[in-house]
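Each remark here refers to the structure printed beneath this line.
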Amino acid sequence: MDVLKNHLRKLLAASFLFLFIAVVLNMSLWEGSKFKLSTVQNPPPYSYRADYHFTSPDHWKNDPQRPIYLNGKYHYYYLYNKDYPDGNGTEWRHATSKDFVHWKDEGVAIPKYTNENGDVWSGSVVVDHKNTAGFGKNTIVAIITQPSANGQQEQYLWYSLDGGDSFSAYKNEPVLSNPGTEDFRDPKVIWNVHSKKWIMLMAEGSKIGFYESGNLKDWKYTGGFQTEKMGLIECPDLFQMRASDGTIKWVMGVSANGQEQGGPNTYAYWVGHYKGGRFVPEHEKPKWLDYGFDWYGGVTFDDGKTEDKLSHRYALAWMNNWKYANNTPTLEENFNGLDSVVRKIELKKEGQGGYFLASQPNKGIDQFIQSTDSYRNLEVNGMKTLKTKGDVYQLEADIRLMDLKNAGIRVRESKDHSRHIDIGVSLEGGYSYVNRGLTAHPDHNDHMLESQAPIDKNKKTVHLKVLVDKTSVEVFIDDGKVVHSNQVFPPKEDQGITLFSEGGRAVFENVKIKHMDSAHN
């Protein structure tokens, strides 16, 4: 009997030791990085694949390339790495869509390491309607940065004769050589109807360089725009728009880090004039198309279905941040890469404050609305949890701000109210905000928890439009002058919605929660 007891004790001791080692190992892996996971054989039961946002089919995506409209659909190229996370190098993968929400994967259009100049980085794709380059009318031409065989960032021409499915390199020599700067990339090419020439913008460290060409092959430097306190700039942009007062303006944008001057790390822009090969802004400090942490590498593009190209444009960006780009639970499902919804942008006049770009989600996502829960008038002094729950939806509300400090909405809230994402207006602080600090998020350093944007402390009403998807929250405030776009990774069971106010009463009017189906169904 004693022998049997000894065997049992040894067996229990061994079992506890095994369990202890397993727990310690698991904790060590988790502490190393919240979401840095190796490839697993079986995906989790709850998919983090977004329902109505564009995601990489597999492996990795980052910078979007400006979409073009041809033959009744939009052609979208983006940087893709089929070897992620085990190999480097990007290539151009191709997708097409008619409505910005149903995307057809067309495969890789430009494979990496096709020639001696290495992989292909960001660039610009245009339709050469007038055959200026000599490849034929309506040839799709791309100017792309490659690191080159010489180890320098230089610009190369690729062209497609099959409607954008595949591209051929024009030469192994650049069409625009490096002028002697370390950073020389992300060409953005547009056709100037006034000069009848192509304009190209280049990201050159902290400067934007301007170039002109008549044939997409021979480029001449025309001027530059020097940015201040914005770090390394990337993905420049230039376009014309007709403002709400009828005035036609030029807008220049760039992906940049504005944290040193109190701004976000997203898409900065200036409104002004382009003449004589250079851009002249009407305001010194940049304005921002998004105040969140995850709207980078943004591109704007024409509405291909209308003749009026100046009344509005569309925009999208990579929803990630280089501070934590590889920190995502989607790696369990063998993909890492999410885009924002496509937005419609318009140029609006604001009193004596000049002009600003207003953003609203494109109407295409409304086709996925399955049902709507409505609340007409809810007075809140503290907390009020709604009966409605969900993990994928659009939410709209008008908030009347009484004599209070802070008011807003919690989304993706847990049953015990310990986990949630807060979206609100701090009249006391004078800013709108999105706080993701109390749910799972990608910033393991906990530095980027609450995005903020300035707001008038005397404001009495605010309109919120909130897009909630599996791994993202995008908040459009009032007319869309302010937008917050942030990645989040709440567990499936966190589906509560709570209205809140602090330091006084708030009245929530016209509250609508529009439950969304998946674009993948």
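The values are calculated or read from the model by the stated rules, or taken from the named source; none is laboratory data. What you see is a predicted model, and the numbers here were worked out from it, not measured in a lab. All Cβ positions, even for glycine, are placed from backbone atoms using ideal geometry, and neighbour counts span all protein chains on display. In case anyone asks, the SASA skips ligands and DNA or RNA and just uses the protein heavy atoms, side chains included. Shrake-Rupley method; radii C 1.70, N 1.55, O 1.52, S 1.80 Å.
Could you list, in sequence order, the residues of region 340-363 that are part of a strand (DSSP E or B), farther than 23 Å from LYS389 by Cα and not polar (S, T, N, Q)?
Matches in region 340-363: ARG343, LYS344, ILE345, GLU346, LEU347, LYS348, LYS349, TYR355, PHE356, LEU357, ALA358.
Could you check region 399-427 and list, in sequence order, the residues that are open to solvent by 50 Å² or more (accessible area, probe 1.4 Å) and at pLDDT 95 or above?
Of everything in region 399-427, those that are open to solvent by 50 Å² or more (accessible area, probe 1.4 Å) and at pLDDT 95 or above turn out to be ARG400, LYS405, LYS415, ASP416, HIS417, SER418, ARG419.
Report yes if some residue within region 129-138 is modelled with pLDDT of 95 or more and assigned to a strand (DSSP E or B); otherwise report no.
Within region 129-138 (the criterion being modelled with pLDDT of 95 or more and assigned to a strand (DSSP E or B)), the answer is no, since none of the residues qualifies.
In contact (Cβ under 8 Å) with a residue 60 or more places away in the chain, assigned to a strand (DSSP E or B) and either more than 30 Å from ASN327 (Cβ to Cβ) or open to solvent by 40 Å² or more (accessible area, probe 1.4 Å) (or both): is that true of VAL141 in this structure?
In short, yes.
Which condition does TYR221 not pass, out of (1) in a strand (DSSP E or B); (2) closer than 25 Å to HIS75 by Cα, if it passes all the others?
Of everything listed in (1) in a strand (DSSP E or B); (2) closer than 25 Å to HIS75 by Cα, TYR221 misses just condition (2).
Provide a single number: the residues in region 300-339 that are open to solvent by less than 40 Å² (accessible area, probe 1.4 Å), part of a loop (DSSP other than H, G, I, E, B) and of a type in the set (Phe, Trp, Tyr).
Number satisfying all stated conditions: 1.
Could you tell me whether any residue of region 364-380 is open to solvent by 10 Å² or more (accessible area, probe 1.4 Å) and assigned to a loop (DSSP other than H, G, I, E, B)?
no
Restricting to region 242-284, name every residue that is of a type in the set (Gly, Ala, Ser) and surrounded by 13 or more Cβ atoms within 10 Å (Cβ to Cβ).
Those that are of a type in the set (Gly, Ala, Ser) and surrounded by 13 or more Cβ atoms within 10 Å (Cβ to Cβ): ALA243, SER244, GLY253, SER255, ALA256, GLY258, GLY263, ALA268, GLY272, GLY277.
State which residue is nearest to LEU401 (Cα to Cα) when the search covers only region 505-521 and only residues that are open to solvent by less than 40 Å² (accessible area, probe 1.4 Å) and outside any strand (DSSP E or B).
SER518
Filter region 266-281 for residues that are among the β-branched types (Val, Ile, Thr) and either closer than 16 Å to PHE210 by Cβ or not in a strand (DSSP E or B) (or both) and give the result.
Across region 266-281, the qualifying residues are THR266, VAL280.
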